[in-house]
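A.B. asks: My structure is below; once you've seen it, I'll send some questions.
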Amino acid sequence: MKILFLNTTYLCGGAEAVTLRIFQGMKERGHDVYEIVSYHKRPEKLPEDVHVLYHGAPLLVLNRVLTRGHSNENLTIPYSRQYILRFIRERQIDVVHLHNAHGNFLGIDDIRAIAEVCPVVWTVHDFWPLTGHCTSPVDCPERWENGCAHCPHPEHYPPVRAERVPTLLEAKKDAFHGVNIRFTVPSEWMRRQVLESHLKEERCVCIPNALDTARWTPCEKSELRKAYCIPEDKHIVGFVAADPQIKAKGMNYLFEALPRLSSPQDYLLLIAGKDNGLTVLSDAGFQTRRFGYITDQKEMNRFYSLCDILVNPSVYETFGLTTIEAMASGTPVIVFPICAMPEIVPPGVGWCLPEVSSAALARAMESAFSEPERLAAKGAAAREHVLENYSETKMLDAFEALYQEAVNAASCRDHS
């Protein structure tokens, strides 16, 4: 098959990491794979089969003009639409695998236009397809039940004018139904959200995110810590966030939990991701070590292995790829009982807390280090849980079958 992947960026967060693994996995299985991204501003060189829509300053300016200053309100972005449709025709693409479309990449009607000429598998990594505008309806009690009228947070990503939110939701209801789109979600919790949304009648399959567990492996902590000059007498806690200032990442709970520890001097916090807002930790005298934004898989694997535990205090996660990355590395995780977390971190492989609070987080951190043998046992159990439930082979098999189903359905419709 000829498969075209669409995503806003090539390297950034969890959605990009999942896209890359499917892209590479399908290529290894003998399929012809391509990817189109909206932009790429990082220094890493892209593979030859990855194409950038808005590369260079002139085209980035064009995108800003077409999207009216990145208003996130477009029903169509003509340049993106025409480029992709032409690419599909010229390469004779069999199926499009859409990931994130927001971020002024594709207009709402553009997605329908693509699905009308080529079957689409759309992996829903966040809530943008379900809502009037936002990717995570945090602090929105009604979510889309009232048609996103009177949106309380038009500033949430991607931000829009409040009065446009209901109109955009109606446009999605019109555009995403009745065409050859098959939706996938990474967790059963997310599938339940889809079933409560305007997409409830559409084909939706749960295909959990997965890892290559031959590459994500436990490393010998003692030798690794010597190499990184990490003291052996500290409790090592990890924290990962592409952008920790995003409210849903729960950084405030971590900040509030740290002063509650009875012996904070015994802890060292390792941080991977942007440094936005993290200087407050050093200002408070808490020991930290910043690793910056890590894009190399081996380096990320070593980061997790350096830690005794990973704290993921997110309050909104459709899956939480960092959680299973840490678990595959033999590092147990502390999470809040939100969204997909209870199904990813069951009893015995980590700590899924009884409540969302800084007090519960602090208690769990102290409990984790009170029994070293239990901590080690949970690390081993965490890896086994990933091996049993988040196999990359299973994920690729499921997507390959869904691609074939979509292609067959399109063929039948063409011949009917």
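The values are calculated or read from the model by the stated rules, or taken from the named source; none is laboratory data. Given the structure is predicted, the values throughout are model-derived calculations rather than measurements. Here the Cβ positions follow ideal geometry from the backbone for every residue, glycine too, while neighbour counts run over all protein chains shown. These area figures cover heavy atoms from the full protein model, side chains too; ligands, DNA and RNA do not enter into them. Shrake-Rupley method; radii C 1.70, N 1.55, O 1.52, S 1.80 Å.
A.B. asks: Calculate for the chain the 222 nm mean residue ellipticity that helices alone would give, adding -39,500 (n - 2.57) per DSSP H run of length 4 or more and normalising by residue count, nearest 500 deg cm²/dmol. Don't skip to the answer; put the middle values down first.
C.D. replies: On the way: 15 runs with 164 residues, N = 416.
It lands at -12000 deg cm²/dmol.
A.B. asks: Of Phe399, Leu306, Asn72, whose Cα points farthest to the positive end of the dipole of the chain (charges on the beta-carbon: +1 Lys, Arg; -1 Asp, Glu; origin at the Cα centre)?
C.D. replies: Going by the Cα projections, it comes out as Asn72.
A.B. asks: Would you please classify the overall shape of the stretch 86-218 from the alpha carbon gyration tensor, given that a ≥ b ≥ c denote the square roots of the eigenvalues, rounded means a/c under 1.5, and beyond that prolate means a/b larger than b/c while oblate covers the rest?
C.D. replies: Taking the square roots of the gyration eigenvalues as a ≥ b ≥ c, the stretch 86-218 is oblate.
A.B. asks: Sticking with this one: Would you mind checking the pairs Lys2/Lys45; Lys2/Lys41; Lys45/Lys378; Lys27/Lys226; Lys41/Lys226; Lys27/Lys247 and listing those with alpha carbons more than 31 angstrom apart? Mind dumping the intermediate values first?
C.D. replies: Values: Lys2/Lys45 23 Å; Lys2/Lys41 27 Å; Lys45/Lys378 38 Å; Lys27/Lys226 38 Å; Lys41/Lys226 34 Å; Lys27/Lys247 36 Å.
Listed pairs above 31 Å: Lys45/Lys378; Lys27/Lys226; Lys41/Lys226; Lys27/Lys247.
A.B. asks: May I ask you to derive the relative contact order of the chain, considering only C-alpha pairs under 8 Å and at least 6 residues apart, and to give it as an integer percent?
C.D. replies: On the way: 742 pairs, mean separation 55.4, N = 416.
Answer for the chain is 13 percent.
A.B. asks: Something else: So if I restrict to the alpha-carbon atoms in the chain, what is the Rg, and what is Dmax, the biggest pairwise distance, in Å?
C.D. replies: My reading of the Cα-based Rg and Dmax gives 21.8, 71 Å.
A.B. asks: In square angstrom, what is the accessible area per residue of the stretch 109-217 with a 1.4 angstrom probe?
C.D. replies: Numbers: 4320 Å² over 109 residues.
For the stretch 109-217, the solvent-accessible area averages 40 Å² per residue.
A.B. asks: If you don't mind, there's one more thing I want to ask. What's the ranking of 8-21, 309-322, 213-226 by average number of surrounding C-beta atoms within 10 Å, highest first? Don't skip to the end; give the middle numbers.
C.D. replies: Values: 8-21: 19.9, 309-322: 23.6, 213-226: 14.1.
The densest-packed peptide leads the list: 309-322, 8-21, 213-226.
A.B. asks: Among Ala210, Gly25, Leu361, flag the residue with its Cα farthest along the positive direction of the charge dipole of the chain, charges on Cβ as +1 for Lys/Arg and -1 for Asp/Glu.
C.D. replies: Sorting the options by dipole projection puts first Gly25.
A.B. asks: Can I ask one more? Might you report the magnitude of the Cβ-based charge dipole of the chain about its Cα centre, with Lys and Arg at +1 and Asp and Glu at -1, to the nearest 20 debye? The partial results should precede the final answer.
C.D. replies: Numbers: 43 positive and 52 negative charges, 139 e Å.
For the chain, the charge dipole is close to 660 debye.
A.B. asks: Right, next: Any idea how far apart Arg215 and Glu405 come out in nm if each label point goes 7 Å out from Cα toward Cβ?
C.D. replies: Distance between the two pseudo-spin positions: 2.7 nm.
A.B. asks: Now for a separate question. When the Cα centres of the stretch 1-71 and the stretch 283-312 are compared, how far apart do they sit, in Å?
C.D. replies: Between the Cα centres of the stretch 1-71 and the stretch 283-312 lies a distance of 27 Å.
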